[in-house]
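Chemist: Got a structure here, written out as C-alpha cells. Questions coming.
None of the figures in this text is laboratory data; all of them are computed from the coordinates on show. Computed from a predicted model, the values in this text were never measured in an experiment. Because the Cβ atoms are built from the backbone with ideal geometry, glycine has one as well, and the counts that use them run over all protein chains shown.
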Amino acid sequence: MRAKERLNRTSRAGLIALSLLLIGCGGCPLGLVPVDTTGADGSSATAPTDNVGDSLQDAKPLNLTGGATETLAGEITSPRDTDVYALGTLGPGDRVEIDVEATGGTLDPVAAVFDSNELLIAFSDDRDPTGADLNPRIDFVIAGDVDTYYLAIIAYPETRTTGTYGVRVTVTPGSDPDFARGQILYLDWRGGDGITVPNVGTYDLPAFSATDLGLSASQTEAFKVRVQQIVEARYAGYDMIVLSSDDYATPAQAHSTVYFGGFNARAFAISEQIDSYNQDPSDETIVFTRSYRGAFAGTPGFEELAQAVGNTVAHEVGHLLGLVHTKDAASLMDASAPNDSILVPQAFTTAELLSAVFPFGYQPAEDLLAWILGVVGM
Ligand SMILES: [Zn+2]
C-alpha cells in the first residue's frame, strides 16, 4: 500500500511511511518519459559523477534563466548523498518540468525544488500514485518570488538505495502564476457498503457515531458540527468550501471526500495520494474513527477528540492538496510528535521537513495553500 498515512504512533512499529505523488502533467502521458542524455548540440551529457554538491551553497550550476532544457546524468553514491543543482534565477510564470529516471543500481529517486531559503516549492517521490513507477516527475508553475531555485535529488530515505540517474529539466516562461483553484471538501458521515478509497482499500462503514470514539451516541450530531467548524477554521482565508453530508447531497461539482469510520491499527487516517499542486480536485481520504479509542495518554473529552479528528481531516486534506510531512508538533503536517499533540489546535505553518521526507528544508504550508487554493477575504 503506497498511500499517505497519519500514523497512530501507539502502534507505529513495523510501518514504513510510504509517500507517493501524482505530478501535474499537463497533457502528457503518465508513462515514463525516457530521459534524453544527449545534449541539444549532440554532445553526450555529463558522465555519472558524485561531485554534485550536497547543499544549496555547493549546488552545481545550471542556467535555465529565461527558459531552456538541460539534460544531465548523476549518481547517488550513498543512501545519504544529496545532489543539488542551481536552476538559475526564475520567477512567477516560469513552468518547471523535471523528469528523473533511475538508470542503474537500485536507486529509488526522490526530487524536490527549493528556493534560496530552503523552502520546499515542489516535491515528487513517485510519479504514479499506485507506486507502479517510482521515478519522480515535477511539473509546476512558479508563483513565488523571483529567486534562485534549486533541484535536489536523493534516494528515498526509507529504503536506502543507490545508483545512477538521468534528469531532463525544462523551464518555459509565460505560464499563468495565478493558477489557484478553489476546492470543495465533502465530509461524508453517512457510511455505506463498498466505499473505495483509491490506493487505500474498500470499506463497509456504518453511519458515523460518536460512540466510535468512546463518546455517547447523544453527542454524535454535536461532534460532527464541531469537527466541521474546526476543519473550516484550519482552512480559513483559503478558497475552500466544506460541506457536510448532513446538509448537502453529494456535490455535482468536482470535490474531495472525507469518509469516517472503521478501524486501522496503524493509522488514524489514510489518503489516496500526495496530490502535488492539487492536480486532481476529486481525491478521497478515510478517517478511521474507531482508531482514536485508547490512542492517547489520558481519556480525552469531547472537545479534545473533536480537535483530534478536525486536525486529522485538515492534515489529510493537506496531502490531497500536495503537502508533505513536517517536524513540528504545532504544525498540521507534523508526523513526528506523540499522538497527544493532535488533541489541541494545530495550524498550517512553515515547518522543517521530516527527515523521512528530505534531509533539509522547510515546507511553507501557508504560501503553498495560497498558491494552490487561492485566498479569500477573512
Ligand atoms: Zn500524513
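Chemist: Take each of the peptides 323-329, 101-107, average the number of other beta-carbon atoms within 10 Å over its residues, and list them starting from the highest.
Modeler: Packing proxy ranking, top to bottom: 323-329, 101-107.
Chemist: Provide the percentage of antiparallel DSSP beta bridges, counting only those with both residues in the chain; round to the nearest 5.
Modeler: DSSP beta bridges in the chain are roughly 75 percent antiparallel.
Chemist: Restricting to Cα atoms and excluding each atom paired with itself, what does the Kirkwood estimate give for the chain in Å?
Modeler: 21.2
Chemist: ³J(HN,Hα) across region 197-214 via Karplus (A = 6.51, B = -1.76, C = 1.60, θ = phi - 60°), whole Hz, x for Gly/Pro?
Modeler: 3J(HN,Hα) across region 197-214, in whole Hz: 9, x, 6, 10, x, 10, 9, 9, 10, x, 4, 4, 9, 4, 5, 3, 9, x.
Chemist: While we're looking at this one, here's another question. With an 8 Å cut-off on Cα pairs and a minimum separation of 6 or more residues, tell me the relative contact order of region 182-277 in percent.
Modeler: Across region 182-277, relative contact order equals 46 percent.
Chemist: Which of the listed residues, 333, 361, 62, is farthest toward the dipole's positive end in the chain, when Lys, Arg count +1 and Asp, Glu count -1 at the beta-carbon?
Modeler: Result: 333, furthest along the dipole toward the positive end.
Chemist: Taking the chain as a Gaussian network, Cα atoms linked when under 10 Å apart, which of 251, 364, 129 shows the biggest mean-square fluctuation?
Modeler: Looking only at 251, 364, 129, the biggest GNM fluctuation is shown by 251.
Chemist: Listing 241, 286 from the residue with the fewest other Cβ atoms within 10 Å to the one with the most, what is the order?
Modeler: 241, 286
Chemist: Rounded to the nearest 20 Debye, what is the dipole magnitude of the chain about its Cα centre when Lys and Arg each give +1 and Asp and Glu each give -1 at the C-beta?
Modeler: So the dipole magnitude of the chain works out to roughly 1000 debye.
Chemist: Using a Gaussian network model on the chain with a 10 Å cutoff between Cα atoms, which of 218, 209, 291 fluctuates the most?
Modeler: 218
Chemist: With 10 angstrom as the radius, rank 70, 316 by how many other C-beta atoms surround their C-beta, starting from the fewest.
Modeler: Going from sparsest to densest Cβ surroundings: 70, 316.
Chemist: Please give the charge dipole size of region 77-236, origin at the Cα centre, charges +1 on K and R Cβ atoms and -1 on D and E Cβ atoms. Round to the nearest 20 debye.
Modeler: 340
Chemist: Now for a separate question. Once every DSSP H run of n ≥ 4 in the chain is given -39500 (n - 2.57) and the sum is divided by its residues, what mean residue ellipticity at 222 nm do you get, rounded to the nearest 500 deg cm²/dmol?
Modeler: Counting only the DSSP helices, I get -3500 deg cm²/dmol.
Chemist: Between region 100-138 and region 305-336, how far is it from one alpha carbon centroid to the other, in angstrom?
Modeler: With region 100-138 and region 305-336 each reduced to a Cα centre, they are spaced 22 Å.
Chemist: Normalised by the residues of the chain, what does the relative contact order come to in percent, with Cα pairs under 8 Å and at least six apart?
Modeler: 19
Chemist: I've got another one for you. Among 78, 307, 208, which residue has its Cα positioned farthest towards the positive end of the charge dipole of the chain, with +1 placed on the Cβ of Lys and Arg, -1 on the Cβ of Asp and Glu, and the dipole taken about the Cα centre?
Modeler: 208
Chemist: Same structure, new question: To make sure I understand, if each residue's beta carbon is the centre and we count other beta carbons within 10 Å, what order do 83, 108 fall in, fewest to most?
Modeler: 108, 83
Chemist: In percent, how large is the relative contact order of region 66-199, given Cα pairs closer than 8 Å and 6 or more residues apart?
Modeler: About 40 percent, as a whole number.
Chemist: Here is a further query. Run the quick spin-label model on residue 133 and residue 193: label points 7 Å from Cα toward the beta carbon, then report their separation in nm to one decimal.
Modeler: Computed distance between label sites residue 133 and residue 193 equals 3.8 nm.
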